[in-house]
1. I want to confirm something. Restricting to segment 212-262 and keeping residues that are charged (D, E, K, R) and within 22 Å of R149 (Cα to Cα), which single residue is nearest to the ligand (Cβ to nearest atom)?
2. From A76, A99, A87, A157, grab the single residue that is away from the ligand (no atom under 16 Å from the Cβ) and in contact with a Phe, Trp or Tyr (Cβ under 6 Å, 6 or more places away or on another chain).
3. Collect the residues in segment 126-151 that are more than 13 Å from G378 (Cα to Cα) and outside any strand (DSSP E or B), keeping them in residue-number order.
4. Suppose we keep only residues that are over 20 Å from N391 (Cα atoms) and either within 16 Å of the ligand (Cβ to nearest atom) or touching a helix residue (DSSP H, G or I) at 6+ places or on another chain (Cβ under 6 Å) (or both) within segment 54-73. Which one would you say is most open to solvent (accessible area, probe 1.4 Å)?
5. Note down all Cβ pairs under 7 Å where the first residue falls in segment 161-175 and is assigned to a loop (DSSP other than H, G, I, E, B), the second is among the hydroxyl-bearing types (S, T, Y), and they're at least six residues apart or on different chains.
6. Condition first: part of a helix (DSSP H, G or I), closer than 20 Å to L126 by Cβ and away from the ligand (no atom under 15 Å from the Cβ). Can you find one or more residues in segment 295-315 that meet it?
7. Where residues in segment 29-53 are more than 22 Å from the chain's Cα centre (by Cα) and open to solvent by less than 60 Å² (accessible area, probe 1.4 Å), which of them is nearest to the ligand (Cβ to nearest atom)?
8. Can you tell me which residue among N195, N191 is in contact with an Asp or Glu (Cβ under 6 Å, 6 or more places away or on another chain), within 16 Å of the ligand (Cβ to nearest atom), modelled with pLDDT of 95 or more and at negative phi?
Amino acid sequence: MTAPRPSPFPTSTSAFDPPKGLQPTPALARLGTESAFEVLARAKALEADGRSIVNLGIGQPDFAPAPHIVEAAIKALHEGHHGYTPAAGLPELREAVAAELEPRAGRRLDPGRVLIVPGGKVTMFLAILMFGQPGVEIVYPDPGFPIYRSLIDYSGATPVPLPLREAKGFAFSAEEALSLIGPQTRLIILNSPANPTGGVTPEAEVARLVAGLADHPHVAVLSDEIYARLLYDGRKHASLLAYESLDERLILLDGWSKTFAMTGWRLGYSYWPQSLVEPAVRMAINSFSCVNAAAQFAGLAALTGPQDAVVEMHAAFDARRRQVVDGLNDLPGVGCVEPGGAFYAFPNVTGTGLTAKQLETALLETAGVATIAGTSFGLFGEGYLRISYANSSENLKEGLQRIGAFLADRGVA
Ligand code: PLP
């Protein structure tokens, strides 16, 4: 066996410092975090001190779920659904998820391979811990959702970043992804539409990757498609599920948080290779037992009920996307490629003369605008800032004005 390549990238480090005597696993110190939550906490603290903060940091829709979704949960509670459900989820919900995914797959799917989980994040937790261990490599997008990297580090696997580049609209390159696969690679993580960039990988690139994966049958794929329904300008979602050749090694991640504005309900789903369903359910039984029953009834109503609220939210995001991209491109020292999906813009801020982290801090503390440094999503995020446009048009206008005034004060031309 070839020795695993040492990662040229520093592992995530936390401030974990156990008191004398306690000896928790060293893996705990490798577990990272999601700085969006830290920025949110700081923004709330500043607000509590009387400061006005425009929050363009956190990635959650500023909409409420449609009323029929909330009613379905209330009805379930009134009808007495207070107990455990099957660990894999309510059978009718698993069937609805399989039906929801069938257009992406272009074939019949097996509801027995659907797992209902408490949030999209839980699927990545299960999948990364299923494949990650010392001596193996996991390829993940950079800049990308920070929990991928955190869990890879926690598992002891070597993280291998797949750089996403502005010049390609932050789509991944199939050629580059395939070049990173070695004998020790066990999992490759993909995310389109993407957080934090809003990048969308075109179907041809996905097809090239899938064709190349035929030479690497030892590599499983985790496709994070949580923003699948948030695509703009008529773009079509290129799902990995469409490739039957991956049937026995694709883990599909999606959920209700973004599409149905249900981040706090903690509800997600995954579609597993047949061979991994049973271990995935066992991991569920060992950790969360099952998902909150009322939330599952709400999830069923969301998938099977009217979709008007989803369509309306999508239209609002699209209008704000244009507002934000135009507004950012009007700022000195800032350039922003058009994001094709999700609800994030990822402007290049190198022209401001500040690092991503310096700009994040200055904007929050001085200008009263919460944003997230690109480096919170990986080393390839240096020089960028994540702006979430899941906020009202008025707040976006105010946030952009404050950023503009801050840059003018600094003399950025
Ligand atoms: N995957 C991506 C790419 C995300 O951006 C997020 C949330 O921000 C998640 C997964 C997690 O979703 P959930 O809140 O349902 O756990």
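The values are calculated or read from the model by the stated rules, or taken from the named source; none is laboratory data. Please read all numbers here as calculations on a predicted model, not as lab measurements. Reconstructed Cβ throughout: ideal geometry from the backbone, glycine too, with neighbour counts over all protein chains shown. The protein model used for the area step is the full one, side chains on, heavy atoms only, and it has no ligands, DNA or RNA in it. Shrake-Rupley method; radii C 1.70, N 1.55, O 1.52, S 1.80 Å.
1. D224
2. A76
3. Hits for segment 126-151 are L126, A127, I128, L129, M130, F131, G132, Q133, P134, G135, V136, L151.
4. Pass one, segment 54-73, residues over 20 Å from N391 (Cα atoms): 67-73.
Next, from what is left, pick out any that are either within 16 Å of the ligand (Cβ to nearest atom) or touching a helix residue (DSSP H, G or I) at 6+ places or on another chain (Cβ under 6 Å) (or both): 68-69, 72-73.
Values: H68: 55, I69: 4, A72: 23, A73: 8 Å².
Here the residue is H68.
5. Every condition considered, the pairs that remain are L164/T197; F170/T197; A171/T201; F172/T201.
6. Start the filter on segment 295-315 by keeping residues that are part of a helix (DSSP H, G or I), which leaves 295-304, 308-315.
From the residues that got through so far, the ones that are closer than 20 Å to L126 by Cβ too are 295-296, 299.
The next check asks that each one be away from the ligand (no atom under 15 Å from the Cβ); those that pass are none.
There is no residue in segment 295-315 that is part of a helix (DSSP H, G or I), closer than 20 Å to L126 by Cβ and away from the ligand (no atom under 15 Å from the Cβ).
7. Ranking the candidates gives I53 first.
8. After ruling out the rest, the residue left standing is N191.
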